[in-house]
Amino acid sequence: MAEEKKVTRRDFMSTGAKTAAGVAAATAAFSTIPSRVLGANDRINIAVVGIRSRGATHIEEWCKIPNVEITYLVDPDENLFSKGVADAEKLQGKKPKTEVDLRKVLEDKNLDAISTASPDHWHALQAIWACQAGKHVYAEKPLSHNIWEGRKMVEAARRYGRIVQCGMQNRSIYGVRKAMEFLHSGGLGEVYMAKGLCFKPRDTIGHMVNSPIPAGVHYDLWLGPAPYRPFNPNRFHYNWHWFWDYGCTDLGNQGPHQMDLARWGMNINELPKKIKCVGDYFVFDSDQETPNTQLATFEYEDGRIVQFEVRGIYTNSEDGILIGNLFYGSKGWMRLDGDKWATFMGRNNEPGPKYDGAGAEADPMNLAGAGSSAHFINFIDAVRANDSFKLNADVQEGHLSTAMCHLANISNRLGRELQFDSHSEKFVNDDQADGYLTRNYRYPYVVPDKV
């Protein structure tokens, strides 16, 4: 007889005994910060943190939702405020305030939530500060910059009873949800392997010399937890992705989406026990530190396999997919490309059930098939209900899927296979690998041990 597994609080919060009583008990036990009680018709006030690139999308999405107002735009680069304010005013009919330091914004008792689209190295501290201030959080992927701080984000959300959604919007897209329903119903039989693909050619970033800090850029705030280095435009807007101080490679940029779909499709709610990732920076000569080509393999306790591949130069597709997932089961296999999917059954690859995009308007959560908008709506619905179990991508899900990317990058950087204990979230008898679980934080931008 198998040994009965003790159900821990982490298990409860991640797999979800999804009852109102459970949510109420968790909130009462862990929330110590007062916040506004929101009714169904009350306006929700949001601060968008990081307004360039993905942040511009946040501005657009929040302005679509009734009774949601962007009251602050927060960014250490004041040069971005003019366009951000103009865009928000055009969409919502009112100018938001601007601020370079999130800590000042969090003092506003009328602020209900923040949405973070800042560089990766800032995600954890911004979310933890917000939870401590009684604010809810929509946190872009990757959820964290390392595994330890991702766990601290989960702990902060639970302790303060805050709603924390990770920006893995596939979990709110109708076609993807239908694919998961098919997999979970046994449509492919036993799903033993999944593969994620990121075939996205990137050009060289070249070489740039250090230069004076541009006017209007609050560089100390931009660096935040990262070590101080002289300003270099190649380490700033967007290209920060390709430096370990701030980013997580394309494996940690696009990868969280595909890792999340792989875990979701296979009903995996733990981290792998074996990780092997190979890769390097090929072809170009530039300032970039991170690989542009990687292949990661993860093995779980029960032997099931997840793979993720990054091809950052020039490549063919895989069964027509450039960014997406493949699932392999005992009855057949599935290709998932965006919100569309198809299955092929048996030895002869006979066409099976598929979804081609029709009928998305039937899903009330999807705004007539409006794609990732549904994910922002889902967050607002959960905030209004003060119920984290209504979230499609709770912080715990974001942590597990993001941690897979970190595990792969650690294996790649060390150049060897690693063994990991999902319960302790540490490597097995491997102090060298454990050294990558967190970072040295630059004072005062320190993620605390006790959140």
Item to check | Residue identified as modelled with pLDDT under 95 and surrounded by fewer than 16 Cβ atoms within 10 Å (Cβ to Cβ) among 26, 86, 17 | outcome: 17
Checklist outcome for this item: In the set 446, 383, the lone residue that is in contact (Cβ under 8 Å) with a residue 40 or more places away in the chain and in contact with a strand residue (DSSP E or B) (Cβ under 6 Å, 6 or more places away or on another chain) is 383
Checklist outcome for this item: Checked 200, 141, 178 against criteria (in the same structural domain as residue 52 (by TED's automatic domain parsing) and of a type outside the set (A, V, I, L, M)); the one match is 141
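Okay, residues lined up against (1) in contact with a Cys (Cβ under 7 Å, 6 or more places away or on another chain); (2) more than 15 Å from residue 406 (Cβ to Cβ); (3) modelled with pLDDT under 95:
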| site | (1), (2), (3) |
| --- | --- |
| 239 | no, yes, no |
| 245 | no, no, no |
| 250 | yes, no, no |
| 256 | yes, no, no |
| 271 | no, no, no |
| 287 | no, yes, no |
| 293 | no, yes, no |
| 298 | no, no, no |
| 301 | no, yes, no |
Checklist outcome for this item: Within segment 255-310, the residues that are crowded, with 24+ Cβ neighbours inside 10 Å, out of contact with any helix residue (DSSP H, G or I) (no Cβ under 8 Å at 6 or more places or on another chain) and polar (S, T, N, Q) are 258
Checklist outcome for this item: For strands (runs of 3 or more DSSP E) lying entirely in segment 311-364, having 2 or more residues that are surrounded by 15 or more Cβ atoms within 10 Å (Cβ to Cβ) and either under 24 Å from the mean Cα position of the chain (by Cα) or at pLDDT below 95 (or both) picks out 323-329, 332-337, 340-345
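Table: residues versus (1) assigned by TED's automatic domain parsing to the domain that holds residue 192; (2) touching a residue at least 40 places away in the same chain (Cβ under 8 Å); (3) farther than 24 Å from residue 419 by Cβ; (4) not in a strand (DSSP E or B).
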| residue | (1), (2), (3), (4) |
| --- | --- |
| 270 | yes, yes, no, yes |
| 275 | yes, yes, no, no |
| 284 | yes, yes, yes, yes |
| 291 | yes, yes, no, yes |
| 309 | yes, yes, no, no |
Checklist entry - Taking segment 403-428 as the region of interest, how many residues are farther than 13 Å from residue 273 by Cα and over 20 Å from the mean Cα position of the chain (by Cα)? => result 5
Next on the checklist: Condition (residue is among the hydroxyl-bearing types (Ser, Thr, Tyr), farther than 30 Å from residue 182 by Cα and in a strand (DSSP E or B)) applied to segment 293-302: is it met by at least one residue?
Outcome noted: yes
Checklist entry - Quick one: residue 118 ticks every box in (1) in a loop (DSSP other than H, G, I, E, B); (2) surrounded by fewer than 23 Cβ atoms within 10 Å (Cβ to Cβ); (3) among the polar types (S, T, N, Q); (4) in contact (Cβ under 8 Å) with a residue 60 or more places away in the chain bar one, so which box is it? => result (2)
Checklist entry - Hey, among the residues in segment 68-83 that are touching a strand residue (DSSP E or B) at 6+ places or on another chain (Cβ under 6 Å) and of a type in the set (D, E, K, R), which one's surrounded by the most Cβ atoms within 10 Å (Cβ to Cβ)? => result 77
Next on the checklist: Looking only at segment 224-256, count every residue that is within 23 Å of residue 437 (Cβ to Cβ) and not hydrophobic (A, V, I, L, M, F, W, C) and tell me the total.
Outcome noted: 16
Checklist entry - Taking the condition polar (S, T, N, Q) and either outside the structural domain of residue 189 (by TED's automatic domain parsing) or in contact with a Leu (Cβ under 9 Å, 6 or more places away or on another chain) (or both), does residue 234 pass? => result no
Checklist entry - Scanning segment 98-115 for residues that are of a type in the set (D, E, K, R) and surrounded by 15 or more Cβ atoms within 10 Å (Cβ to Cβ), which turns out farthest from the chain's Cα centre (by Cα)? => result 108
Checklist entry - Restricting to segment 416-439, what's the tally of residues that are assigned to a loop (DSSP other than H, G, I, E, B), of a type in the set (Gly, Ala, Ser) and touching a residue at least 12 places away in the same chain (Cβ under 8 Å)? => result 1
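The values are calculated or read from the model by the stated rules, or taken from the named source; none is laboratory data. Everything numeric in this text was worked out from a predicted model, so none of it was measured. So basically every Cβ, Gly included, is an ideal-geometry build from the backbone, and we count neighbours across all protein chains shown.
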